Amino acid sequence: MGALAGQPNQDAICGMRLLAGKDDIAFSQKIASGDARAFEEFYDRFATRLFSIAFRLCGDAGLSEDMTQEVFLHLLRKIHLFNGQASLSTWLYRVATNFYISYLRSYRPKQYPHESEESLHKHLDQKSSQQSSTLHHRLDLERCLAQLPDGYRTIIVLHDIEGYKHEEIAEMLNISPGTSKSQLHHARMKLRSLLQGVEP
Amino acid sequence: MNKECRQLEALLSEYTDGSTSVGEAARIEAHLAGCARCRETLRDLRRLKAALANLPPLRPPAGLKMRIQEQAGAAGLITKQPRYRLRPTAGWVLAAAACLLLAILLVTGLGPATAPLTDSSAEMKDIFHDLRNAETLYLNAIDRMDQLAALKMNEMPPQIRQTFETNLALINQTLAESRTYVLENANNPRAWEHLLAAYQKKVEFLSLIIETDLS
Ligand SMILES: [Zn+2]
């Protein structure tokens, strides 16, 4: 159908992640030169994932629009630094994620919740195991994700959705890999309890 | 929950990720064999991890690209301005949504005299925030319906398909214009009503396509 003609080819995008080739470098140089059509292609390829990361990091549609807008301006200013050591998409998502993290940090003070294990267990002990079957309805998951405390949500998004390793997350958030691991566990348990609807 | 559960549960996330040591894994497995509660936690953690990894991407709102192009153009980051600009025709949108709107107004009790709200109302800010979040999720649900409808239309005889496509194009146009209207009047409840009415119309129409009996 005609309406699909402008859509980026998904296979082409996936393939591109593997190649940090000359195409990536040529494309990045074209964008850096200010070429309007290269920008359109750039937007069409990357906006969905960049918006998704923003939305899930902040849990707020309006704010994630602002973040996506700002990140594109940031990427346009930084893209000349791309040197082809990783694929363009890997590089972009990493730069963008770092940008989002510092954006949110200045937007509101970081709050790493320090909920004790005991209080998490207290929530879990109240639940009935029968409720688990409805656990992973996608919209429930999105809603509960948005309800997580900021620090927990960040760890879940980076590790479980975006697939970063604890070492990478530690570097991005300026914490130790051990902290990243234990925060991830608490975050998942909290998300599980939110999905089970036992939160006050 | 006993002490061993408490100690081992802290490792269940890492076990889910396959990153525990051989010794830890053996200890966890021995415990799991006799503890239904920890088995259930592990099962939930595995499901949760899979569900998170499979969350589909969310489509950015229409109009964002144009705003970025304008900003980037103003900042001298791209040389040429975008080629076209969507013209909102709010009057036409108002007319198109009038019937549905009337029903909504009756239900919500919002009279036509209600003035657009200012930013100062914290409660309303909160409501608009919820509306925008809802819209993002709604849009993605519609995306999936769109795909189902496209598959269905592929199976239709050309003439019927043509009719559906023409109507769908009209609905999409209304939707795009309502969206632009909201972008320019984000704190006006009326603008949101138009938009939600347009979404509703699209959902109804897509349902009609998907449920059409072709036999
Ligand atoms: Zn146990």
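The values are calculated or read from the model by the stated rules, or taken from the named source; none is laboratory data. Computed from a prediction, not measured in an experiment: that's the story for all the values here. Positions of Cβ are generated from backbone atoms using ideal geometry, with glycine treated the same way; all protein chains shown enter the neighbour counts. Side chains included, ligands, DNA and RNA excluded: accessible areas come from the protein's heavy atoms. Shrake-Rupley method; radii C 1.70, N 1.55, O 1.52, S 1.80 Å.
The phi torsions of region A:44-56, fed into the Karplus equation with coefficients 6.51, -1.76 and 1.60 and a -60° offset, translate into couplings of 4, 6, 10, 4, 4, 5, 5, 5, 4, 4, 4, 4, 6 Hz, rounded to whole numbers, with Gly and Pro shown as x.
Averaged over its residues, region B:3-53 has an accessible area of 49 Å² per residue, based on protein heavy atoms and a 1.4 Å probe. Each part reduced to its alpha carbon centroid, region A:37-95 and region B:21-59 end up 32 Å apart. Measuring between alpha carbons in the structure, the pairs from A:Lys78/B:Lys65; A:Lys190/B:Lys49; B:Lys125/B:Lys202; B:Lys49/B:Lys202; A:Lys30/A:Lys165 lying more than 25 angstrom apart are B:Lys125/B:Lys202; B:Lys49/B:Lys202; A:Lys30/A:Lys165. Within the full protein context, the accessible area of B:Asp44 is estimated at about 0 Å² for a probe radius of 1.4 Å.
Inter-chain neighbour count for B:37-48: the average number of beta-carbon atoms from partner chains within 10 Å of each residue's beta-carbon is 4. Buried accessible area for the B:A pair, summed, 1.4 Å probe, in Å² rounded to 100? Buried area (both sides, nearest 100 Å²): 4900 Å². The figure for A:Arg153 is an accessible area of roughly 10 square angstrom, using a 1.4 Å probe on the protein chains alone.
Restriction of the GluC sites (Glu not before Pro) in region B:117-189 to DSSP coil positions whose beta-carbon has at most 12 other beta-carbons within 10 angstrom yields B:Glu155.
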